[in-house]
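The numbers here are math on the coordinates, done by the rules we state, and not lab data. In this text, all values refer to a predicted model and were calculated from it rather than measured experimentally. Glycine gets a Cβ as well: all are built from the backbone with ideal geometry, and neighbour counts include every protein chain shown.
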Amino acid sequence: MITTAPADGSRPLSLLRNWLSLSGLVIMLGGLFSFCLLFLLDSLAHFSNPYIGILTYLIAPGFVLLGLVMTGAGALKQKHKPGYSSGTFTRVFVDLSRPRDRKVAGLFIAGSILFLLVSAVGSYQSYHFSESTQFCGQACHTVMKPELVTYQHGSHARVACVECHIGPGAKWFVKAKISGTYQLYAVAFNKYPRPIPTPIKNLRPAQETCEQCHWPKKFVGNLDRTYESFLGDETNTPYTVRMTMKVGGGDPTHGPLGGIHWHMNVGKRIEYLSTDPARQKIPWVRMVDAQGVVTEFRAKGFTNAIAESALRRMDCMDCHNRPAHAYQSPNAAVNLQLALGRIDRTLPWIKTNAVFVLTRNYTNETQALQRIATHLSTQYPNEHRIRAVIEVVQEIYRDNFFPDMSASWKKYPDNIGHKDWPGCFRCHDGRHTSADGLHILKANDCNTCHTILTQGGGGQLDVLTPNGQKFKHPGDEVEGACSDCHNGGL
Ligand code: HEC
Ligand code: HEC
Ligand code: HEC
Ligand code: HEC
Ligand code: HEC
Ligand code: HEC
């Protein structure tokens, strides 16, 4: 099929008439096509995705560039072939009247179409892949393992990572794109922090994530909650608190205003200043009600001036900051497994021993699992029941402790209650007062947020007190904030 064609005026174009340049053109076209498709998908999609940027702005243009280089190289080679300029050189010239030419041209066209199709399907598939939980959670395995594992055990295990972390909208599209690209760089060059620090600075506000699924006007009312614990004594004495949690609601048209979700009252604003990166110290709070009446609360002794730009408006995540990634503390995890009967409560001192092995520091998971097994089996020699307990304790470790990323309950405060972390008591500590002294964010009124229906163990639990009982701390009366003593290991 190679024939001699007369040199005519269309030299620049005819330079491309060689197989290398033609293939280059097809690859270029494929890249361009993928780019347009990805760009379109990304801008039309409900959720924009940070990692898709890598495909759209790096890989697809990469193919365009490759095609360009091939085309150029083909043309250059062509030009430097002896005889090209004299016009006697043989160039690709397709004569469709000849069967061989028809076959080759047909193959070339079919190949090109196939390539375009494959690049379209490929782009579309990789787009979907990078949206998936599998990609977010597993692509950079060690880095995201703590979040993926805890997520799989949480109530949002069926909500995709991107629903909370990316979400729709142009502004977040750009933000996510920049941080997504940075994250890939950080992983590739091993520059990521361990553990990943929280609070996440650029997390989308709750109105655009949580409130897309959870209707903020919903009236929740009272919830019945039972907390089962076991004491660290020889008999692992059960100690249970059952209480009515006054969650209430924040919208007066759907239920009486009040309770814990009162903070979310539509039309009201609570803003606060925190003086540490983890938002655990809150010396100043401002409440603006629906009528615009402003009340400021200051912690005792805090006199600094307030910069408006440093304030944060309170939303769902100031209390529910671990909706998807809850790292159980050793104490909480062992309490749960004892309550479920998966750790045999009749083994003497098992609560103390199980919590003890889980609070040690280990360099990696393999070492931890081994030490857990050896420690517990030496504590209970000649006791066959310990085998099952070891398995459960190892499971607790695997699900909640991630030494490779140094992620565990210790690193991630949980703000929902007040036992192991200050939580609600960051503000409600009885030390935040308004300037006139009339308003106090109280802590010692234990019935503000919940009423204790019953507490203790055995027959004590049969008597319910709807109006609430005074809290009886196990053992002696205690003074001070709960989190002064309780730290997840106690
Ligand atoms: C229900 C919403 C939700 C879902 C679903 C979700 N996350 Fe999160 N994620 C959060 C919140 C809230 C935080 C804590 C933010 C803060 O404290 O600033 C967080 C924190 C993180 C952090 C920071 C480290 C940490 O543990 O706090 C990473 C990394 C993370 N998520 C990754 C993921 C991955 C990967 C998935 C999917 C496997 C996922 N998330 C699914 C809401 C969610
Ligand atoms: C894509 C939808 C979706 C988004 C976004 C979402 N959730 Fe949920 N949430 C759910 C579903 C589904 C459940 C489980 C309900 C059930 O099975 O009872 C749930 C359960 C909950 C619960 C009750 C269970 C528990 O763990 O205590 C809380 C609290 C909660 N979500 C808070 C949040 C917060 C805070 C955010 C924002 C960071 C959020 N959710 C974002 C869908 C969502
Ligand atoms: C002042 C802290 C606080 C804020 C702010 C807050 N919540 Fe809650 N919420 C709670 C507490 C405490 C509970 C009871 C949880 C428990 O007992 O484990 C709760 C319970 C819930 C539940 C579970 C209800 C059920 O039926 O099980 C959901 C869902 C929920 N909150 C969603 C939200 C959403 C969405 C927002 C933001 C609009 C929000 N919360 C804001 C403290 C808060
Ligand atoms: C950033 C500070 C802050 C945090 C954290 C906080 N609150 Fe509040 N809370 C307030 C303010 C301010 C008020 C209004 C007090 C007043 O009106 O005197 C309030 C009021 C309340 C009320 C009374 C509502 C009513 O019916 O009048 C309840 C109940 C409550 N909070 C529960 C909680 C719980 C539970 C938590 C933790 C999960 C929590 N709060 C965390 C600032 C906070
Ligand atoms: C500002 C609201 C608020 C006040 C005031 C408050 N609590 Fe709580 N408390 C909570 C919330 C919210 C939880 C639920 C935590 C959770 O679901 O993990 C809780 C949980 C508890 C628990 C169960 C803890 C566990 O994990 O076993 C006990 C016990 C308790 N509170 C006792 C008290 C006592 C005693 C006081 C008075 C000194 C008090 N609370 C004052 C909000 C409050
Ligand atoms: C002075 C230190 C101290 C303070 C303050 C304190 N506790 Fe305790 N708490 C203890 C000790 C010690 C135990 C016994 C631990 C054991 O036997 O395993 C305990 C046991 C408990 C238990 C049962 C055991 C378990 O596994 O959870 C609960 C529930 C509890 N405390 C709740 C609270 C609450 C809620 C507060 C705040 C109102 C509080 N504690 C304040 C020291 C304290």
Given H placed on each backbone N at 1.01 Å, which residues far from GLY430 in sequence or on other chains put an amide H within less than 5 Å of it? LEU441, LYS442, ALA443
Only four residue types carry charge here, +1 at the Cβ of Lys and Arg and -1 at the Cβ of Asp and Glu. Report the dipole size of segment 218-363 about the Cα centre in Debye, rounded to the nearest 20. 100
With charges only on Cβ, +1 for K and R and -1 for D and E, what is the dipole size of the chain about its Cα centre, in debye, rounded to 20? 1980
What pairs in LYS410/LYS472; LYS217/LYS411; LYS281/LYS419; LYS201/LYS411; LYS145/LYS281; LYS246/LYS442 have C-alpha atoms more than 22 Å from each other? LYS410/LYS472; LYS217/LYS411; LYS145/LYS281
Relative contact order %, the chain, counting alpha carbon pairs below 8 Å whose residues are six or more apart: 14
If each DSSP helix of 4+ residues adds -39,500 (n - 2.57) and the sum is divided by the residues in the chain, what number results at 222 nm, nearest 500 deg cm²/dmol? -12000 deg cm²/dmol
Among GLY437, TRP421, HIS450, whose Cα projects farthest towards the positive end of the dipole of segment 410-453, with charges put on the beta-carbon of Lys, Arg (+1) and Asp, Glu (-1)? TRP421
Working note, segment 249-325: Cα radius of gyration (Å, one decimal) and Dmax (Å, whole number) are 13.8, 40
Dipole of segment 330-405, Cα-centred, from +1 at each Lys and Arg C-beta and -1 at each Asp and Glu C-beta, to the nearest 20 debye? 220
Given 0.36 nm per residue, what is the gain on full extension from GLU211 to HIS384 after removing their alpha carbon distance, in nm? 57.3 nm
Fewest Cβ neighbours within 10 Å first, please rank LYS79, LYS351 accordingly. LYS79, LYS351
How about LYS470: which aspartates and glutamates have a C-alpha closer than 20 Å to its C-alpha, ignoring those fewer than 8 places off in the same chain? ASP224, GLU228, ASP429, ASP445, ASP462, GLU479
May I ask for the percentage of alpha-carbon pairs in the chain that lie more than 31 Å from each other? 61
Choose one of LEU338, ALA373, ASN400: the residue whose Cα lies farthest towards the positive end of the charge dipole of segment 330-405 (beta-carbon charges +1 Lys, Arg; -1 Asp, Glu; about the Cα centre). LEU338
Using 7 Å Cα-to-Cβ label points, what is the LYS81/ALA435 separation (nm, one decimal)? 8.8
Neighbour-count ranking [beta-carbon atoms within 10 angstrom, fewest first] of LEU32, LEU490: LEU490, LEU32
Towards the positive end of the charge dipole of the chain, with charges on Cβ (+1 Lys, Arg; -1 Asp, Glu), say which of MET28, THR363, VAL294 has the farthest Cα. MET28
Whether segment 330-405 is rounded, prolate or oblate, judged on the alpha carbon gyration tensor where a/c under 1.5 counts as rounded: oblate
Per 0.36 nm of contour for each residue apart, how much would the distance between TYR227 and GLN125 grow if the chain were fully extended, relative to their Cα-Cα spacing? 32.1 nm
So for HIS214, HIS375, fewest C-beta neighbours within 10 Å to most, what's the order? HIS214, HIS375
